[in-house]
1. Would you look at the GNM of the chain, springs on alpha carbons closer than 10 Å, and say which of 106, 79, 375 moves the most?
2. From zero outward in steps of 10 Å, how is the percent of C-alpha pairs of the chain spread across the bins?
3. Once you have a ≥ b ≥ c as the square roots of the Cα gyration tensor eigenvalues for the range 305-392, tell me rounded if a/c is under 1.5, and otherwise prolate or oblate according to whether a/b is larger than b/c.
4. Each label point is 7 Å from the Cα along the Cα-to-Cβ direction; what then is the distance between the points at residue 189 and residue 311, in nm?
5. Which of the aspartates and glutamates could a cross-linker span from residue 329 if the Cα-Cα distance has to be under 19 Å and same-chain partners fewer than 8 positions apart are dropped?
6. Sequence neighbours fewer than 8 away in the same chain don't count; with that in mind, list the aspartates and glutamates whose C-alpha is under 14 Å from residue 191.
7. Sorted from fewest to most neighbouring beta carbons within 10 Å, what does the list 353, 262 look like?
8. Please pull out the direction-averaged projected area of the range 57-173, using the convex hull of its alpha-carbon atoms, in nm² to one decimal place.
Amino acid sequence: MDEYSTKPSKDKMMRKNIYILGIAILSILACISCSKNEDVRITTQNAKCALGDYVGIYLDASGNIWTWGNNQFGGLGNGNTTGLTTPAKLNTDNHFVSVASGISHGLAIDNSGNLWVWGNNTYGQLGDGTRNSSLVPKQIMAGTKFVFIASGGYNSFAIDAAGNLWGWGDNSYGVLGDTINNIIVSPTQFKPGIRFQQVSCRGYSVVALDISGNLWTWGNNEFSQLGDGTRINRTTPEMISDGVKFKYAIMGDVTGLAIDVSGQLWAWGQNSWGQYGDSTQLSSSIPQKVQTEKRYQMISSVSDFVFGIDESGLLWGWGTSFDNYLLGKLLVLVPIQIMPGKTFQYVADGDYSVLAIDTEGSLWGWGDNEHGELGNGTTTPVATPIQINITP
């Protein structure tokens, strides 16, 4: 049996099987009805921060990338393997617009649409045709312009300017669409002819959003996280939205969540740890409306807890916080507000830590800090949000 075929342990010593949502977040299309010969015109809320395998990444207003935390495999992209407990700017002449982080590897899109990767490449997750790691950012797929990136842990995904969806890296459960090869070292395209705007992967399960607002899922389906009413794994994307149009979707540990065009939250898959935030622990094998009183603009989840920013900019959290650092108690079945009185524009969580950017541009972090991933100069866990200083 594959080591990821069961639900990941919460023991810190078992965290090597983290699948981080390399988070690059998208809002609404500028134009949905475009012909097949045109580039997809997407209005994006570019990912301004990301949390990977104990790695923090921050994108400042000038397009500079700052990294900190665990650097055992070069996941900080700074040319060495020495860890950092405070943010340090990458030495590059490029200016970036979006970032994502997986397990000890990173991705970024520069302001010309070029795709850059760095860090661990054991499973081909850098997509450069090799399995050789890189301590500094390197460009892949030169000549192709990209608008969206994400990481599912040991694999990576990207959407180009024409709406084509690409994936590479670890192909467990056939999550990259190949039924023969376990490792895919070069980008492979999904569903030619379908134009996508967003993709999210976690635990070898994937959800993608096309330009018409339809949801597609594939990969591991052990907990019905594909939302198709079954527990059958799939190697090819299938549509599950059943007429409902969505503007945002993510795949959590064993739970899928999406926001429809009205801001209503939907959930499917496991709810044993309160991932729906609907006051119950009842699961659904197909998407269902939850938290009907709230309207969200974005959500983030890679484990058994969820953070969401509502349309007023208020930050909410729910689910399970096994070490109590993230939500203040073990089980939260209905959303609780984080930092009342402050509004937020972006949130990204890892397995045990959270980064959030408020509407004034300040970066905040809380949760586990075993490798300095909160960037505050220590390795001490933090139960309440602290401001992370980015010093030029």
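1. Evaluated over the chain, the most mobile residue of the options is 79.
2. For the chain, the pair-distance distribution reads 6, 27, 38, 25, 5, 0.
3. Judged from the Cα gyration tensor, the range 305-392 comes out oblate (a/c at least 1.5, b/c at or above a/b).
4. Calculated label separation equals 3.7 nm.
5. Answer for residue 329, where 19 Å is the Cα cut-off: 11, 278, 304, 349, 351, 368, listed by chain and number.
6. Excluding near neighbours in sequence, the set is 160, 178, 210, 238.
7. By the 10 Å Cβ count, ascending, the order reads 262, 353.
8. 6.9
Here, each number is a calculation from the coordinates, and none is a lab measurement. Please read these numbers as outputs of a predicted model, since none were measured by experiment. All Cβ positions, even for glycine, are placed from backbone atoms using ideal geometry, and neighbour counts span all protein chains on display.
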